[in-house]
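Enquirer: Questions regarding the structure given below will be posed in turn.
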Amino acid sequence: VVVGAVWSVLCGMVLCCCSPSGSAFVAFENQKDFEKGIGKHKQNMGKRYVEIYKSTEEEAAAVVGRMTGTATVAHKSTGPPNEKSFVVRLRGCPFSAEIRDVEAFMEKAPPEG
């Protein structure tokens, strides 16, 4: 997974990959995509199966803060950190995975055009 912590906005998802833990966070724009993401629990990314758990933006920011030594992380917010946040935490990502690998795993289709 990308060294350090990287936030990126791709195809309507806010993604953060953190190393060396093999964790990643994905914030979806809506409930439908969030549920699709949760449905990927225990599926394989490469040769590793990935566990997916409900999370919050607050948890993602805290993990990134610990990784980077900062208390807060500026990123595009998709809403308040509560039970209605559409954030998942992936555990077990291949250590070589990059943000686009996480995007492909979550099967978010690129915009047409």
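Each value in this text was obtained by applying a stated rule to the coordinates, not by laboratory testing. Please read all numbers here as calculations on a predicted model, not as lab measurements. All Cβ positions, glycine included, derive from the backbone under ideal geometry; neighbour counts span all protein chains shown.
Enquirer: Which order do peptides 56-63, 92-99 fall in by mean Cβ count within 10 Å, highest first? Walk me through the numbers on the way to the answer.
Expert: Numbers: 56-63: 19.2, 92-99: 17.1.
The packing order, highest mean first, is 56-63, 92-99.
Enquirer: Arrange the peptides 41-51, 24-34 so that the one whose residues have, on average, the most other Cβ atoms within 10 Å appears first.
Expert: Order by mean packing, descending: 24-34, 41-51.
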